[in-house]
């Protein structure tokens, strides 16, 4: 399963396309920055919802085209079966196809009532004129307090809510128990601190012929098309690419530079990870049993199991300031046209309430591999999918990458990833590269 891989590709594509096509199409691409899947068939229902005949039909567009798409279809069917007033019809297609259709369809008043999109797109969707503020939903949403506070806060732009949570997944450390044992490490006691991770990574790195190209790596540190692992390491030292409020460039702060320097020295001197490796290639190395540790999301559980890897799951490395996993989240956005039709608005709000209900979140989590959006679901209630236990344990400390900005895609590819790739491939020191990135990054944030 390559759930996050599709999203990574969209991040890169968005940046490239953005220089060639209109702002309308760019906004459509940005909407697709969400938890994604690959492969599989989808049901197709184009166009807006309708009212009449005693049943109000609304439409829901998303790119969940893989195994979690089947789970999503089942949950939508459960909503449809739970009452007789409303019906949700879905269009499930690859994210790039959704990208091409979405904003043009909304502009022609033929778009969906609900569209799934990434938390990174809140600012873009709040300002592109196609999606509605849904503050009135929040004033009547009785279950809001059960949803993670930082997830609710992430749906806001300039003090207004523009989405409702759909998924909330931290990315954590997978470790190969066989390689741990072979290196004399305790597979039942995974590393916690930077030093423990570093020691374990060095112990599992093997270069048998001494050619400087290990046959086995200790800790894969991808720098593009991947969960933002280097950002997590910066957070662990009190740094980061931008401030938590999205207003200030911090990639060149002493804390950020110190964190990247520490881990880049391990990469360059101890060869714990290939330089300049992508997320999909990092996943492949772990699946092949050639990597001791890798940071990824829950969407890779089945893929690693199918590869026969006996793995454990632990938190990300704990630095001097703590351990903060990167949070990956999909949100549900509502079109402006929906708000003009009272019946469709009522049906849409009913589905949004259902989606985050406790029963639905338990069913969704145990069947799809996505941790719940709620903080009141116990491990016993997720017993049907025990791997969720590790991920729900760290939801409360997970943080969103590049929050509260309309320039997330550009910052990710042209500042964060470009900087990390220069550093890991030896084209500049962390001090020089990250200091040089401050001015253009701040200009993007100011613009």
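Check whether at least one residue in the stretch 145-157 is over 21 Å from the mean Cα position of the chain (by Cα), in contact (Cβ under 8 Å) with a residue 40 or more places away in the chain, under 23 Å from residue 340 (Cβ atoms) and part of a loop (DSSP other than H, G, I, E, B), and report yes or no.
Scanning the stretch 145-157, I find no residue that is over 21 Å from the mean Cα position of the chain (by Cα), in contact (Cβ under 8 Å) with a residue 40 or more places away in the chain, under 23 Å from residue 340 (Cβ atoms) and part of a loop (DSSP other than H, G, I, E, B), so the answer is no.
Check 362, 309, 301, 313 and return the single one that is closer than 24 Å to residue 73 by Cα and at pLDDT 95 or above.
Just one listed residue meets the conditions, 362.
I want to confirm something. Restricting to the stretch 208-228 and keeping residues that are over 23 Å from the mean Cα position of the chain (by Cα) and crowded, with 20+ Cβ neighbours inside 10 Å, which single residue is nearest to residue 314 (Cα to Cα)?
218
For the stretch 336-378, how many residues meet the condition of being part of a helix (DSSP H, G or I), within 22 Å of residue 87 (Cα to Cα), out of contact with any strand residue (DSSP E or B) (no Cβ under 7 Å at 6 or more places or on another chain) and without any contact (Cβ under 8 Å) to a residue 40 or more places away in the chain?
Counting residues in the stretch 336-378 that are part of a helix (DSSP H, G or I), within 22 Å of residue 87 (Cα to Cα), out of contact with any strand residue (DSSP E or B) (no Cβ under 7 Å at 6 or more places or on another chain) and without any contact (Cβ under 8 Å) to a residue 40 or more places away in the chain gives 4.
Restricting attention to the stretch 117-136, report how many residues are surrounded by 19 or more Cβ atoms within 10 Å (Cβ to Cβ), touching a strand residue (DSSP E or B) at 6+ places or on another chain (Cβ under 7 Å) and in a helix (DSSP H, G or I).
Of the residues in the stretch 117-136, 5 are surrounded by 19 or more Cβ atoms within 10 Å (Cβ to Cβ), touching a strand residue (DSSP E or B) at 6+ places or on another chain (Cβ under 7 Å) and in a helix (DSSP H, G or I).
When the stretch 277-297 is examined, which residues are found to be closer than 19 Å to residue 187 by Cβ and crowded, with 24+ Cβ neighbours inside 10 Å?
Residues satisfying the conditions are 286, 291, 292, 293, 294, 295, 296.
Which one is nearest to residue 347 (Cα to Cα), of the residues in the stretch 80-94 that are in a helix (DSSP H, G or I) and either without any contact (Cβ under 8 Å) to a residue 40 or more places away in the chain or within 28 Å of the chain's Cα centre (by Cα) (or both)?
Looking at residues that are in a helix (DSSP H, G or I) and either without any contact (Cβ under 8 Å) to a residue 40 or more places away in the chain or within 28 Å of the chain's Cα centre (by Cα) (or both), I get 80.
Name the residue, out of 181, 205, that is more than 30 Å from residue 406 (Cα to Cα) and either loosely packed, with under 14 Cβ neighbours inside 10 Å or not assigned by TED's automatic domain parsing to the domain that holds residue 412 (or both). Break it down stepwise before answering.
Numbers: 205 fails: either loosely packed, with under 14 Cβ neighbours inside 10 Å or not assigned by TED's automatic domain parsing to the domain that holds residue 412 (or both).
Within the list 181, 205, the selection yields 181.
Given the structure, is residue 421 in contact with a strand residue (DSSP E or B) (Cβ under 8 Å, 6 or more places away or on another chain), surrounded by fewer than 22 Cβ atoms within 10 Å (Cβ to Cβ) and not assigned by TED's automatic domain parsing to the domain that holds residue 165?
Criteria met by residue 421.
So, in the stretch 403-435, how many residues would count as being free of Cβ contacts under 8 Å to residues at least 60 places away in the same chain and part of a helix (DSSP H, G or I)?
Total satisfying the criteria: 4.
State whether one or more residues within the stretch 178-196 are at pLDDT below 95, on the phi > 0 side of the Ramachandran plot and in a loop (DSSP other than H, G, I, E, B).
Looking through the stretch 178-196, none of the residues is at pLDDT below 95, on the phi > 0 side of the Ramachandran plot and in a loop (DSSP other than H, G, I, E, B).
Can you name the condition, by its number, that residue 232 falls short on among (1) surrounded by fewer than 24 Cβ atoms within 10 Å (Cβ to Cβ); (2) outside any loop (DSSP other than H, G, I, E, B); (3) touching a residue at least 60 places away in the same chain (Cβ under 8 Å); (4) out of contact with any helix residue (DSSP H, G or I) (no Cβ under 8 Å at 6 or more places or on another chain)?
The number of the failed condition is (1).
For the stretch 56-79, enumerate the residues that are assigned to a helix (DSSP H, G or I) and within 17 Å of residue 112 (Cα to Cα).
72, 73, 76
Only one of (1) more than 22 Å from residue 233 (Cα to Cα); (2) within 19 Å of the chain's Cα centre (by Cα); (3) without any contact (Cβ under 8 Å) to a residue 60 or more places away in the chain is not met by residue 381, so which one is it?
Tallying (1) more than 22 Å from residue 233 (Cα to Cα); (2) within 19 Å of the chain's Cα centre (by Cα); (3) without any contact (Cβ under 8 Å) to a residue 60 or more places away in the chain, residue 381 fails exactly one: (2).
Tally time: how many residues in the stretch 235-263 are surrounded by fewer than 24 Cβ atoms within 10 Å (Cβ to Cβ) and part of a helix (DSSP H, G or I)?
Qualifying residue count for the region: 6.
The values are calculated or read from the model by the stated rules, or taken from the named source; none is laboratory data. Everything numeric here is computed off the predicted structure, so don't read it as measured data. We place every Cβ from the backbone using ideal geometry, glycine too, and count neighbours over all the protein chains shown.
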